[in-house]
Amino acid sequence: MAYHFNFSWASGGFLGVDIFFVLSGYLITSIALPAQGNQLDLNLRDFWVKRIRRLLPAAFTMIITTFVWVVLFNRELLNTVRGDAISSIFYTSNWWFIFHKLSYFDSFGSPSPLKNLWSLAIEEQFYILWPIVLIAGFHVFKKRSSFSILVFVGVISSAILMGLLYQPGDDPSRVYYGTDTRSFELFIGCLLAFLWPMKRLSTKNLPIKFQNILNMTSFITLGILVLSVVFLDEYQSFLYRGGMLLICLNTAILIACICHPSSFLGKLFSWKPLHWIGTRSYGIYLWHYPVIVLGTPVQEIGNPVYWHVGLQIVITLIIAELSYCYIEVPIRKRGLRPFLQQYLSFNIFKWKSAPNVKKISTVLSVFLLLVFTAGITGMAESNNEKKELDTPTEIKLNNETKADESSHSEIISEENKGSSRKDQHTLKKNNKEEGKDDINDNRNDELEVTQKVEDKVEKKEEKIKVQKADKNKVTSLNDKKEEKTLATTKSYKKVLAIGDSVMLDIAINLHKKFPAITIDGKVGRQMSQAIQLVPTYANFNQPENAIIIELGTNGFFTNDQLDSLLHSFSKAQVFLVNTRVPRQWESKVNTALANKAQENDHITLVDWHAEAINHPEYFTHDGVHLEPKGIEALTSLIDKTIKASIQ
């Protein structure tokens with residue numbers, strides 16, 4: 001929860017899932033294994049029925065309720081949540097997120113309120129397959145010791161696969177979501193159950209010396225976990241190349257200590273308030289994320305308002321308590337059919353005599369199912385369903401001043417593509433069925449627009465019309481051209497701007513400030529992708545040129561990647577624009593950029609974060625991309641910073 005609330009002291013809070021997986025593997029295997037001997041007597045039907053009663057009712061209630069809330073009150077998320085809800089019902093959401101390239105860490109605006117269900121998907125997949133593997137394993141190997149070797153091989157194989165698939169500097173969501181790359185955590189719990197079976201633990205014949213060792217070990221391993229949560233973060237390569245394996249091994253040792261009846265820490269965790277949280281932990285995990293997502297304004301993401309956080313925690317605990325008392329426990333003890341008979345009235349002939357509570361719950365349930373069905377089937381449309389993409393997602397604008405002529409490229413919105421002109425305009429667009437708007441929900445296939453125009457400018461009064469579709473406003477780039485003859489163009493022979501979607505937002509205004517500028521911007525661009533552009537712009541690496549770099553909006557990058565890009569422009573004057581993005585990586589990106597500016601005389605920081613942090617009116621609904629006020633503010637800041645550098 002602390003991680004999802006974006007608390008700065010819990011940057012490694014996502015490691016709670018690792019603890020959860022190890023604990024799940026240990027508990028489930030301990031339940032399945034016999035107390036004595038190697039004869040496994042596991043009834044698959046009973047096992048799966050218990051798991052279904054334990055997990056599905058509460059999860060389905062949360063999925064349906066959340067989806068209905070989106071349909072009724074937050075239609076902008078409907079397209080996003082529709083697929084997530086279907087995959088969550090079938091416990092395949094982790095692979096759904098992988099195939100649709102939905103990052104666990106990098107998403108703009110309001111993320112999916114069902115994104116936390118990816119871990120439950122892995123757990124449910126484990127519950128389906130592991131009992132079968134157990135039965136087959138005991139049938140083949142006969143002994144626990146022999147079977148445990150196979151489990152150990154599974155641990156190592158999965159951990160190695162995570163290390164091989166992880167690419168430093170790229171989004172780690174593939175290895176984070178994958179059942180194949182996270183199964184070693186569950187297997188570590190299973191292996192612990194073979195070596196330290198819960199049913200065999202006893203306080204008898206345990207000397208004081210060993211009790212002290214047990215307690216000391218438990219506190220050391222707990223301390224390591226706390227330090228990991230405080231000091232680690234999701235962008236460290238160490239985690240994906242052995243780090244998570246070590247953390248899970250440490251967790252297994254902690255679990256082994258706590259589960260022993262002689263453990264002081266185990267008795268401490270039995271304290272009533274902690275016991276209450278433990279029994280409601282499933283409901284708390286289910287509900288906290290949709291409460292956060294649906295109850296947090298975009299401008300507060302990454303900058304929590306603590307009274308809002310407190311209110312969300314209270315709401316989560318109340319819902320979790322209601323779920324535990326009225327859904328989880330009744331269904332777990334009595335089954336689904338008695339539960340439905342107790343709270344719902346299906347007999348229309350006895351409707352009048354039914355208690356009011358039954359009537360209300362029946363009507364409410366029918367209403368929720370109708371709205372849910374309408375939303376899933378598409379009868380209820382998203383508010384964004386018919387919105388057309390009105391801005392290009394890739395722009396390359398090239399300008400090179402020559403002795404007797406000027407050449408430039410126009411930036412033209414898609415809406416203006418039908419007007420007559422002598423431009424060379426190449427448009428590549430995927431069909432609507434292949435993807436949605438990448439800026440709004442990060443699920444679209446890439447849309448590329450490449451525009452190159454060459455016009456001769458023979459008179460000062462000639463106007464170049466640039467239309468921006470979202471405002472339907474046409475302005476002239478040459479109206480005040482003499483007033484815009486900048487000192488910077490005298491000092492910097494060429495100006496190059498490389499960036500992501502924020503660069504697209506300011507491209508028109510930046511072109512006004514620097515008529516001879518070259519702009520290369522693309523939605524979703526990462527630092528690793530920008531490095532690949534360097535050979536194209538090698539001729540800009542000269543002392544008389546200025547390089548504007550605006551990257552970091554879409555995720556963290558390594559120091560090596562940043563150094564590689566900056567080294568390519570080591571002779572030019574470089575201006576690094578930092579980020580204002582409501583996500584966890586914002587501070588790390590800005591710190592890295594600030595450090596490079598301090599270390600190098602030819603690098604200057606453009607502090608957009610300080611300029612924009614108290615101006616939510618600068619941003620669109622996603623908290624990242626810019627409204628006209630924000631476009632003007634960022635362009636002016638870049639202009640002032642460049643001017644100041646040459647004075």
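The values are calculated or read from the model by the stated rules, or taken from the named source; none is laboratory data. Note that the structure is a prediction, hence the values are computed from the model and not measured. Note that each Cβ is placed from the backbone with ideal geometry, even for glycine, and that neighbours are counted across all protein chains shown. Surface accessibility is based on the protein's heavy atoms, side chains included, excluding ligands, DNA and RNA. Shrake-Rupley method; radii C 1.70, N 1.55, O 1.52, S 1.80 Å.
Restricting attention to the stretch 593-610, which residues are within 30 Å of PRO111 (Cα to Cα) and at pLDDT below 95? Those that are within 30 Å of PRO111 (Cα to Cα) and at pLDDT below 95: HIS609, ALA610. Only one of the numbered conditions (1) within 19 Å of the chain's Cα centre (by Cα); (2) in a helix (DSSP H, G or I); (3) modelled with pLDDT under 95; (4) not charged (D, E, K, R) is violated by THR66, and that is (3). Residues satisfying the criterion are absent from the stretch 40-54 (criterion: among the polar types (S, T, N, Q), within 19 Å of the chain's Cα centre (by Cα), outside any helix (DSSP H, G or I) and under 24 Å from SER183 (Cα atoms)). How about the stretch 558-581: which of its residues are open to solvent by 30 Å² or more (accessible area, probe 1.4 Å) and without any contact (Cβ under 8 Å) to a residue 40 or more places away in the chain? Passing the criteria: ASN559, ASP563, SER564, HIS567, SER568, SER570, LYS571.
Being in a helix (DSSP H, G or I) and out of contact with any Pro (no Cβ under 8 Å at 6 or more places or on another chain) holds for only one residue in GLY137, GLY169, and it is GLY137.
Once the stretch 629-647 is narrowed to residues that are open to solvent by 70 Å² or more (accessible area, probe 1.4 Å) and in contact (Cβ under 8 Å) with a residue 40 or more places away in the chain, the residue that is nearest to LEU565 (Cα to Cα) is LYS643.
Give the residue, chosen from PHE346, PHE269, that is open to solvent by 80 Å² or more (accessible area, probe 1.4 Å) and either more than 30 Å from SER218 (Cβ to Cβ) or at pLDDT 95 or above (or both).
Numbers: PHE269 fails: either more than 30 Å from SER218 (Cβ to Cβ) or at pLDDT 95 or above (or both).
Just a single option satisfies the conditions, and that option is PHE346.
For the stretch 565-586, a residue qualifies if it is of a type in the set (A, V, I, L, M), within 29 Å of the chain's Cα centre (by Cα) and either over 30 Å from ILE292 (Cβ atoms) or in a helix (DSSP H, G or I) (or both), and the qualifying residues are LEU565, LEU566, LEU576. All of (1) aromatic (Phe, Trp, Tyr); (2) surrounded by 23 or more Cβ atoms within 10 Å (Cβ to Cβ); (3) outside any helix (DSSP H, G or I) hold for TYR91 with one exception: (2). Would you pick out the residues in the stretch 140-176 that are buried (at least 23 other Cβ atoms within 10 Å of the Cβ) and hydroxyl-bearing (Ser, Thr, Tyr)? Once the filter is applied, which keeps residues that are buried (at least 23 other Cβ atoms within 10 Å of the Cβ) and hydroxyl-bearing (Ser, Thr, Tyr), the stretch 140-176 yields only TYR176.
In the stretch 1-19, of all residues being open to solvent by 10 Å² or more (accessible area, probe 1.4 Å) and in a helix (DSSP H, G or I), the one that is nearest to CYS248 (Cα to Cα) corresponds to ILE19.
Before we move on, is LEU576 closer than 21 Å to LYS493 by Cβ and out of contact with any Gly (no Cβ under 8 Å at 6 or more places or on another chain)?
Numbers: closer than 21 Å to LYS493 by Cβ: yes; out of contact with any Gly (no Cβ under 8 Å at 6 or more places or on another chain): yes.
Taking the combined requirement at face value, the residue satisfies it.
Consider LEU120 carefully, then state whether it is within 30 Å of GLY555 (Cβ to Cβ), open to solvent by less than 10 Å² (accessible area, probe 1.4 Å) and either charged (D, E, K, R) or part of a helix (DSSP H, G or I) (or both). Before the answer, list the steps.
Details: within 30 Å of GLY555 (Cβ to Cβ): yes; open to solvent by less than 10 Å² (accessible area, probe 1.4 Å): yes; either charged (D, E, K, R) or part of a helix (DSSP H, G or I) (or both): yes.
Yes: the conditions hold for LEU120.
When ILE547 is tested against (1) without any contact (Cβ under 8 Å) to a residue 60 or more places away in the chain; (2) not in a strand (DSSP E or B), only condition (2) is not met. For the stretch 587-619, which positions are outside any helix (DSSP H, G or I), of a type in the set (S, T, N, Q) and surrounded by 14 or more Cβ atoms within 10 Å (Cβ to Cβ)? Of everything in the stretch 587-619, just one residue is outside any helix (DSSP H, G or I), of a type in the set (S, T, N, Q) and surrounded by 14 or more Cβ atoms within 10 Å (Cβ to Cβ), namely THR604. Looking at the stretch 177-195 only, could you name the residues that are within 25 Å of the chain's Cα centre (by Cα) and open to solvent by 10 Å² or more (accessible area, probe 1.4 Å)? Selection gives THR179, ASP180, SER183.
The rows are residues; the columns are (1) more than 19 Å from ILE331 (Cβ to Cβ); (2) touching a helix residue (DSSP H, G or I) at 6+ places or on another chain (Cβ under 8 Å); (3) touching a residue at least 12 places away in the same chain (Cβ under 8 Å); (4) surrounded by 19 or more Cβ atoms within 10 Å (Cβ to Cβ).
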{"position": "PHE21", "(1), (2), (3), (4)": "yes, yes, yes, yes"}
{"position": "LEU27", "(1), (2), (3), (4)": "yes, yes, yes, no"}
{"position": "SER30", "(1), (2), (3), (4)": "yes, yes, yes, yes"}
{"position": "GLY37", "(1), (2), (3), (4)": "yes, no, no, no"}
{"position": "ILE52", "(1), (2), (3), (4)": "no, no, no, no"}
{"position": "LEU56", "(1), (2), (3), (4)": "no, no, no, no"}
{"position": "PHE60", "(1), (2), (3), (4)": "no, yes, yes, no"}
{"position": "LEU72", "(1), (2), (3), (4)": "yes, yes, yes, no"}
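Have a look at VAL314, VAL371, VAL329, VAL366 and point out the one that is over 29 Å from GLY278 (Cα atoms) and either exposed (fewer than 15 other Cβ atoms within 10 Å of the Cβ) or without any contact (Cβ under 8 Å) to a residue 40 or more places away in the chain (or both). Before you say what the answer is, go through the steps one by one.
Numbers: VAL314 fails: over 29 Å from GLY278 (Cα atoms); VAL371 fails: either exposed (fewer than 15 other Cβ atoms within 10 Å of the Cβ) or without any contact (Cβ under 8 Å) to a residue 40 or more places away in the chain (or both); VAL329 fails: over 29 Å from GLY278 (Cα atoms).
That would be VAL366, the only listed residue that is over 29 Å from GLY278 (Cα atoms) and either exposed (fewer than 15 other Cβ atoms within 10 Å of the Cβ) or without any contact (Cβ under 8 Å) to a residue 40 or more places away in the chain (or both).
When you scan the stretch 100-114, do you find a residue that is buried (at least 17 other Cβ atoms within 10 Å of the Cβ) and part of a helix (DSSP H, G or I), even just one? No, there is no match, as no residue in the stretch 100-114 is buried (at least 17 other Cβ atoms within 10 Å of the Cβ) and part of a helix (DSSP H, G or I). Scanning the stretch 272-295 for residues that are of a type outside the set (Lys, Arg), farther than 22 Å from SER88 by Cα and without any contact (Cβ under 8 Å) to a residue 24 or more places away in the chain gives PRO273, LEU274, HIS275, TRP276, ILE277, GLY278.
Evaluating ALA85 against the criteria (1) more than 23 Å from the chain's Cα centre (by Cα); (2) surrounded by 22 or more Cβ atoms within 10 Å (Cβ to Cβ); (3) more than 20 Å from PHE126 (Cβ to Cβ) leaves one unmet condition, (1).
Taking helices (runs of 4 or more DSSP H) as the structural unit, those lying wholly within the stretch 243-361 and holding at least 1 residues that are closer than 21 Å to LEU120 by Cα and out of contact with any His (no Cβ under 9 Å at 6 or more places or on another chain) correspond to 244-259, 272-279, 281-295, 306-323, 329-334, 336-343. Answer yes if at least one residue in the stretch 147-165 is touching a residue at least 60 places away in the same chain (Cβ under 8 Å) and assigned to a loop (DSSP other than H, G, I, E, B), and no otherwise. Looking for residues that are touching a residue at least 60 places away in the same chain (Cβ under 8 Å) and assigned to a loop (DSSP other than H, G, I, E, B), one finds none in the stretch 147-165, hence no. Spot the failing condition for SER24; the list is (1) in a loop (DSSP other than H, G, I, E, B); (2) in contact with a Gly (Cβ under 7 Å, 6 or more places away or on another chain), and only one is missed. The failed condition is (1). Restricted to the stretch 620-647, and to residues there that are of a type in the set (Asp, Glu) and assigned to a helix (DSSP H, G or I), the residue that is nearest to ASN74 (Cα to Cα) is GLU632.
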